[in-house]
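Asker: Here it is: the structure, laid out below.
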Amino acid sequence: MNTTLRRLSGLLLFLLLWEGVSRSGLVLQDYFPPVTSILAAMAEEIRSPKFVENLLTTWTRTLGGLAIAIALGLGLAIVSARSPLLRRMLSPFVDMLRVLPPPAIVPLSIFVFGIGPKLYLFIVTFAAIWPIYINAVNAIGAPEPVLINTARSMGYGRNEILLRVRLPAALPEIFTGIRIGSGLALLGAVASEMIAASSGLGALLYDAGFTLRVKDMFALMFFIGLSGILLNAFVAAVRRWMIGWHIGLAAMGDHG
Amino acid sequence: MADVLSAEGIAKSFGTHTIIRDLTFAAHEGEFIAVVGPSGCGKTTLLMCIAGLLRTDAGRVEFEGHTITTPPPGLAVVFQDYSRSLLPWKSNMENVVFGMKRLENVGSKEKHERATEILASVGLKGFENHFPWQVSGGMQQRVAIARALGANSKLLLLDEPLAAVDAQTRADMQDLLLVLAAKYKQTCLLVTHDVDEAVYLADRAIVLSHRPTKVIEEIAVPIPKPRDQIATRADPVYLELRAHILSRIKSMKAAAPIM
């Protein structure tokens, strides 16, 4: 509880400073509205069913794309871990594609998918998949030799070891990838909505910005930031649930 | 007594490094063999070859009359690094059950009963549902030993199993190993750099040379069992064998070009 307070204190101080600077007249309030007025705008938006619908749309796109990225990324990592040749063949593509900003593939994706749900899911998946794949393939590909030898001596075959030893042993690193990927998924969703959608937080933000509704614009940015915090907390909760053993192990200082 | 295990002229190289050259020995049923040698002499490589985890370049290893090419049933390995050989996401009980892969006709309930019984016999009653990382190093190694026994092993390969536990625990674990070997009718092959431990536990000690490794001496340890940490270690036979093996290893060190 105390640590939560300390963590929030930095944010609170920042918002207080913001409020002060905005109200002091040092900056133009039209472009830099006080926090309280932004909070008021947020309160108003959250009461509107239309806004909530847009919020849920962005969340659905983010979570949907993230789920596909996890399934594809892990699937690909497992297959790559089984076949070093495939892994080497994929490597240059992965290195090239992972540095491509998600908005850069929006125009091409529109040619392929048209404007619609498939487009946003594709962009989100594309944004999120690389850190998930890379972390998973590295962790699954570098197992603890003693663990593998133990399982082999017990009579476990290659595929069983992959699924029952290497994969669970890699889960901590896999979750690191998912955590990074979840942030990128939200980024992909908002970016694709700003460029090519009429719904979702990204589209609302774009609209608010270019119609000079500054308070609404800030309010939307806050909502996107809050969505990121919630998403991160969600991933952290799933991680605690799935790999509580790792968290306990790390807290013990590795060797007990 | 029948030979449970025999190694005939085995050799192993990694690239241009010859680790083992022409090594031959056998283990009789129920025997406790300790393999000692100067550090870096390829003891672990030898054990991996015997376990079927490494292919030999020449010669062959036979276990119960069959040539070993892959890890055979009935043979279990206990590694030095217990914290890395146990699955940290499984409880102690589930780790032991995980080792019962080859008991295909045994139901899950029966496996758990068996695991409970074996964990009790290694002194871990009440720790079945703990995770390995929640118990001490000595207890983790007991879980690993229980897992090996649970797999219905006949031959236990012990790769410096006690090198990483503290001295007090080590003495207790040595006695536990002797008790378990007798209770579960195990043939044991212990690889160790600790000459005292080798003489204390073994019915026969095999002394290895520097790399490329071969057997330079086989010594019977005619000290009656059960052994006792105080009486056995004061036994003149124990002291003589210990001094003899130590001097063999020391002379090898002196003769070694670079080590």
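Asker: With springs connecting C-alpha atoms under 10 Å apart, model chain A as a Gaussian network and identify which of A:Ile115, A:Ile68, A:Ile134 has the largest mean-square fluctuation.
Answerer: A:Ile115
Asker: Could you tell me the relative contact order of the stretch A:115-217? Use alpha-carbon pairs under 8 Å, at least six residues apart, and round to a whole percent. Walk me through the intermediate numbers first.
Answerer: Numbers: 99 pairs, mean separation 35.6, N = 103.
Dividing the mean separation by the residue count of the stretch A:115-217 yields 35 percent.
Asker: Going through the stretch A:13-103, which chymotrypsin sites (Phe, Trp or Tyr not before Pro) have at most 15 other Cβ atoms within 10 Å and a DSSP loop state? The partial results should precede the final answer.
Answerer: Numbers: sites: A:Phe14, A:Trp18, A:Tyr31, A:Phe51, A:Trp59, A:Phe93; in loops: A:Tyr31.
The qualifying sites are A:Tyr31.
Asker: Tell me, B:Trp133, A:Trp241 in order of fewest to most beta-carbon neighbours within 10 Å?
Answerer: Ascending number of Cβ neighbours within 10 Å: A:Trp241, B:Trp133.
Asker: With springs only between Cα atoms under 10 Å apart, run a GNM on chain B and tell me which of B:Ala151, B:Ala164, B:Ala202 wobbles the most.
Answerer: Result: B:Ala164 has the largest fluctuation of those listed.
Asker: Mind jotting down the distance between the C-alpha centroids of the stretch B:92-107 and the stretch B:220-248, whole Å?
Answerer: The two parts, judged by their Cα centres, are 37 Å apart.
Asker: Of A:Val146, A:Ser192, A:Ser182, whose Cα points farthest to the positive end of the dipole of the stretch A:119-221 (charges on the beta-carbon: +1 Lys, Arg; -1 Asp, Glu; origin at the Cα centre)?
Answerer: A:Val146
Asker: Once you list every other residue whose beta carbon is under 15 Å from the beta carbon of A:Arg88, what net charge do they have if Lys and Arg are +1 and Asp and Glu are -1?
Answerer: My count for the surroundings of A:Arg88 gives +1.
Asker: List A:Leu66, B:Leu119, A:Leu15, A:Leu28 from most exposed to least, where exposure is judged by having the fewest other Cβ atoms within 10 Å.
Answerer: Fewest to most other Cβ atoms nearby, the residues stand as A:Leu28, A:Leu15, B:Leu119, A:Leu66.
Asker: Neighbouring Cβ atoms within 10 Å as the yardstick, rank B:Met139, A:Met252 fewest first. List each step's numbers first, then the result.
Answerer: Numbers: B:Met139 21, A:Met252 13.
The most exposed by this proxy come first: A:Met252, B:Met139.
Values quoted throughout were computed directly from the atomic coordinates according to the rules given, and no laboratory measurement underlies them. For clarity, every value in this text was computed on a predicted model and none was experimentally measured. Note that we place each Cβ from the backbone using ideal geometry, even for glycine, and neighbour counts take in every protein chain shown.
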